[in-house]
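Colleague: Here it is: the structure, laid out below.
Every read-out reported here was derived from the displayed coordinates using simple, explicitly stated rules and does not represent laboratory data. All of these numbers come straight from a predicted model, not from anything done at the bench. Heads up, the Cβs are rebuilt from the backbone with ideal geometry, glycines too, and the neighbour counts pull from every protein chain shown.
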Amino acid sequence: MTGRRFCEHYADKLVNVITVKTLSELNDYIAKGYKHVYIKRRINPELYSDYDLMTFKNKQTGLYSTGRQREPYMVQYGREISFPEADWDLVQTIQPYEGIHPETQSWGAYIIPKDLEPMESVYIPDLIEDFLLTSFWDHKIRADDGVGIWTGKNIQVDKSLFDSYQLIG
Amino acid sequence: MLSIKGQTIFDENGKKLKEIGCPHRVTTSELQRVTPTKLLCEKCSKDIIDTDYFTEAQIIEILNKDKETCLKINPINPIFNFKE
């Protein structure tokens, strides 16, 4: 599953922070006198899925397929699939990472608007860090946007918003 | 599909099923999982139904029996349609 923007309603209420992911963009902003926060991206263990993704190879046809287990299980639209040992060789098993892996994107930077005062709240339309927004069944959902506070040195992302994403009552 | 407008859940015919609202403003991390489908809220010692694991028909049946049943609703669950 992909990530989700969940607090876009803050976009009109708070100053928006721009995210850059290339050095040329970052250097352009620095040359124009903007402050920035450089973020080294890390794995968030909470974003590993709760299921294994297995790759199988059919012994007769040689074709590959993916599944969750050898034993029969239900997939969408009530269909049942299985990968019995008699028919399928297991090639590999991985635990999918449902954030954006640091090997894909190792860093990013937030560009600080010039008139932003310390302790002012900001809306971040494109979060650099991997935060868990919610889980659904065995999938983990990344927060693609968020709200934070500009401390004068960093942007502290408000994690309490993730916790109140689900409705209770 | 169940619709949620503001804090109210409606069935597909527009019948109001329940007002969602917690006086203690409990959040997900404060709940304790009791069974795969039930959570415990320690503030009121009440069970909370995790709607991730129920069908639309099951949720309607639960609420028709007891409107005071507490629910946990995940906006990512496709059985819910959030309206402005």
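Colleague: Exposed loop sites here are trypsin sites (Lys or Arg not before Pro) in DSSP loop states with at most 13 other C-beta atoms within 10 Å. What is the longest stretch of chain B lacking them?
Modeller: Segment B:44-66 is the longest.
Colleague: Quick one: putting +1 on the C-beta of Lys and Arg, -1 on the C-beta of Asp and Glu, what dipole do you get for the protein assembly as shown around its Cα centre, in Debye to the nearest 20?
Modeller: Here the protein assembly as shown has a charge dipole of around 280 debye.
Colleague: For chain B, find the longest principal axis of its Cα atoms and tell me its angle to the long axis of helix B:56-65, 0 to 90°, nearest 10.
Modeller: Approximately 70 degrees, to the nearest 10.
Colleague: Continuing with this model, one more query. Could you give the dipole magnitude of chain B about its Cα centre, charging the beta-carbon of Lys and Arg +1 and that of Asp and Glu -1, in debye to the nearest 20?
Modeller: For this selection, approximately 200 debye.
Colleague: Something else about it: With all pairs of different alpha carbon atoms counted, what Kirkwood hydrodynamic radius in Å does region A:53-94 show?
Modeller: It is 10.5 Å.
Colleague: With the Cα gyration tensor of chain A in hand, give its eigenvalues times 5 under a square root as the equivalent ellipsoid semi-axes, listed largest first in whole angstrom.
Modeller: 41, 19, 11
Colleague: Taking beta carbons within 10 Å but only from partner chains, what does the mean come to for residues B:48-60?
Modeller: 1
Colleague: Same structure again: Evaluated at 4 °C with a viscosity of 1.567 mPa s, what Stokes-Einstein diffusion coefficient in µm²/s does chain B have when Rh comes from the Kirkwood expression over alpha-carbon pairs?
Modeller: 98
Colleague: For a label point 7 Å from the Cα of A:Glu103 along Cα→C-beta, name the residues of region A:1-32 whose backbone N is under 20 Å from it.
Modeller: Within reach of a label on A:Glu103: A:1-3.
Colleague: Another question, then. Before anything else, pin down the relative contact order of chain B: Cα pairs under 8 Å, at least 6 apart, normalised by residue count, whole percent.
Modeller: 32
Colleague: In addition: Between their Cα atoms, which of B:Lys16/B:Lys72; A:Lys40/A:Lys159; B:Lys15/B:Lys38 are more than 20 Å away from each other?
Modeller: Correct reply: B:Lys15/B:Lys38.
Colleague: Would you mind checking which residues have amide H under 5 Å from A:Ile112's amide H? H placed 1.01 Å from N; only 5 or more apart, or other chain.
Modeller: Residues meeting the amide H criterion: A:Lys35, A:His36, A:Val37.
Colleague: Across peptide B:71-80, how many C-beta atoms of other chains are within 10 Å of each residue C-beta, on average?
Modeller: Other-chain Cβ atoms within 10 Å of each residue's Cβ, averaged: 5.
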